[in-house]
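What follows is a single structure, written as structure tokens, with notes after it.
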């Protein structure tokens, strides 16, 4: 199938929306929209447009490392999720690109 890979990049602890960390809020809102899957990944290190380096220094301590939130979804669902983020007034960096996806050896195919 053809669709969209939609990725958001957020700070782990500094970014909240409706009393929830943004990466958790994105996953929850996508689920409520009926989007079938999404994942968030804690990075080891990264920097954004400000050029400030964030690194995961010690396991168990609070660090402000980037979180990547990834969805592989239909083009229409990608637009619905982007529209929701816009309507909520969030300022988030995202990457959107076309993908081909599927399941190999699926029992339903």
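Please indicate, with yes or no, whether at least one residue in the range 19-26 is without any contact (Cβ under 8 Å) to a residue 40 or more places away in the chain, in a helix (DSSP H, G or I) and closer than 15 Å to residue 78 by Cα.
No, the range 19-26 contains no residue that is without any contact (Cβ under 8 Å) to a residue 40 or more places away in the chain, in a helix (DSSP H, G or I) and closer than 15 Å to residue 78 by Cα.
Kindly indicate the residue of the range 1-18 that is over 12 Å from the mean Cα position of the chain (by Cα), modelled with pLDDT of 90 or more and assigned to a strand (DSSP E or B) and also surrounded by the fewest Cβ atoms within 10 Å (Cβ to Cβ) among those meeting that condition.
Among those residues, the one meeting the criterion is 2.
Say whether the condition of being at pLDDT 95 or above and under 22 Å from residue 17 (Cα atoms) is met by at least one residue in the range 59-69.
Yes, the range 59-69 contains at least one residue that is at pLDDT 95 or above and under 22 Å from residue 17 (Cα atoms).
Say we look at the range 75-108 and pick out the residues that are closer than 17 Å to residue 37 by Cβ and over 17 Å from the mean Cα position of the chain (by Cα); which of these is modelled with the lowest pLDDT?
That would be 108.
Taking into account only those residues within the range 27-48 that are modelled with pLDDT under 90 and not in a loop (DSSP other than H, G, I, E, B), which is nearest to the chain's Cα centre (by Cα)?
42
The values are calculated or read from the model by the stated rules, or taken from the named source; none is laboratory data. All values reported here derive from a predicted model rather than from experimental measurement. Reconstructed Cβ throughout: ideal geometry from the backbone, glycine too, with neighbour counts over all protein chains shown.
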